[in-house]
1. Which count do you get for residues in the range 185-214 that are out of contact with any Phe, Trp or Tyr (no Cβ under 8 Å at 6 or more places or on another chain), hydrophobic (A, V, I, L, M, F, W, C) and surrounded by 19 or more Cβ atoms within 10 Å (Cβ to Cβ)?
2. Quick check on my filter: what residues within the range 303-317 are farther than 17 Å from Ile29 by Cβ and without any contact (Cβ under 8 Å) to a residue 40 or more places away in the chain?
3. Output the residue which, of all residues in the range 237-259 that are modelled with pLDDT under 95 and touching a Ser or Thr at 6+ places or on another chain (Cβ under 9 Å), is surrounded by the most Cβ atoms within 10 Å (Cβ to Cβ).
4. Hey, does the range 281-298 have a residue that's modelled with pLDDT under 95, acidic (Asp, Glu) and in contact with a strand residue (DSSP E or B) (Cβ under 9 Å, 6 or more places away or on another chain)?
5. How many of the residues in the range 191-221 are in contact (Cβ under 8 Å) with a residue 40 or more places away in the chain, in contact with a helix residue (DSSP H, G or I) (Cβ under 8 Å, 6 or more places away or on another chain) and either of a type in the set (Val, Ile, Thr) or not in a loop (DSSP other than H, G, I, E, B) (or both)?
6. When the residues of the range 34-45 are narrowed to those that are under 22 Å from the mean Cα position of the chain (by Cα) and touching a residue at least 40 places away in the same chain (Cβ under 8 Å), which ends up most open to solvent (accessible area, probe 1.4 Å)?
7. Have a look at Ile56, Ile87 and point out the one that is of a type in the set (Val, Ile, Thr), closer than 27 Å to Phe146 by Cα and surrounded by 14 or more Cβ atoms within 10 Å (Cβ to Cβ).
Amino acid sequence: WHQGDLDPDQFWKEVFTELNETGISQCLILNYYFVDPVSAKISKKSQFNSNHSPKIPFLEKAMQLAPAHNIKASLYPVLEIDNPHQIGAIWRGNLNFFGITLKNFFNEYSRLIMELAQISVNNNAQYIYLGSELASLTHNIAARPFWEQLLYDLHSLNIKGSTKMTYAAHWEEYLTFPFWRQLDSIGIDAYFPLASAQQSAGINNPSLSQIAANLKPQMSEFYNFARQHQRPLHLSEFGLTPFDQATTTPWQQSPSYLKDESERLNSFKALLNCLENEVEDSNHLRIKNQPWLSSVNFWHWKLPGRNGSNYNIEPGSDVARLIKNYSEKK
């Protein structure tokens, strides 16, 4: 969201080359927008600091260049409550409006989503996202007509090929999200706990086998949900930071002050092993001629020239090598 005056051709070529070298075949191109929680105004620049959204030509260039690098790219719009602290300091799932403010919000939000959806259609994106983790707004009964109208408008686009409409639900939101039947795929931001606080306490804890055992019932729940709704499911976000107890609270940037690279690495290993087992398990049926678990997006790649966050996956890191080895084996 902070691209400044970078040359888009050079920037995206470098990013996609790194992804290719790591065996990554798809990516979500994140674009933040800032919402005033009182007026509902959506801005492309924070009123509190220098953070700003990527410009539309910058996003378009990414979508145009991705196919040449054999990358399936999708635009991933994320609303954040504008605040004087940091992006994400106030969870967007708490964002909610009523009355005329609700109407004003959807007037702006719908224009934004339709603009990004048209870019996605023009460039054969993998996914068109309705949104991400807007839990209060998706469960707001007064907002239902506005969501329905936006879904109608999206379905009116001339969507071709393999482009799918989806939404990135918070891991506690997806069970009650009301619009899965109007979308093509179920997206889940999968920051659910992978271990208890007791299991994860201390360096090198929990073990790979413990994380795998904890992961198995959650993946079974996802599978049953996908089968129930007859929609393939993908993890729109999965990630955690290299700190002790990250498996207990994957959604936290700094769950402790103790660095623990093995805890993060074992979590990625457990998930990739799980994915491999899902592919080989003939009992897990395909849905609409697709694997029930269609893809996983790891949060997040370290972009050139940017410090990023504690979630950074750097080219050549242990996690990047793990992903590459999995891709080559697959």
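1. 4
2. Those that are farther than 17 Å from Ile29 by Cβ and without any contact (Cβ under 8 Å) to a residue 40 or more places away in the chain: Asn307, Glu314, Gly316, Ser317.
3. Pro255
4. Taking every residue of the range 281-298 in turn, none turns out to be modelled with pLDDT under 95, acidic (Asp, Glu) and in contact with a strand residue (DSSP E or B) (Cβ under 9 Å, 6 or more places away or on another chain).
5. Residues flagged as in contact (Cβ under 8 Å) with a residue 40 or more places away in the chain, in contact with a helix residue (DSSP H, G or I) (Cβ under 8 Å, 6 or more places away or on another chain) and either of a type in the set (Val, Ile, Thr) or not in a loop (DSSP other than H, G, I, E, B) (or both) within the range 191-221 amount to 9.
6. Per the stated criteria, the residue is Ile42.
7. Going through Ile56, Ile87 in turn, just one is of a type in the set (Val, Ile, Thr), closer than 27 Å to Phe146 by Cα and surrounded by 14 or more Cβ atoms within 10 Å (Cβ to Cβ): Ile87.
The values are calculated or read from the model by the stated rules, or taken from the named source; none is laboratory data. Bear in mind that the values here come from a model prediction, so they are computed numbers and not experimental data. As a convention, Cβ positions derive from the backbone with ideal geometry for all residues, glycine included, and neighbour counts pool all protein chains shown. Remember, those area values only see protein heavy atoms, side chains included, never the ligands or the DNA or RNA. Shrake-Rupley method; radii C 1.70, N 1.55, O 1.52, S 1.80 Å.
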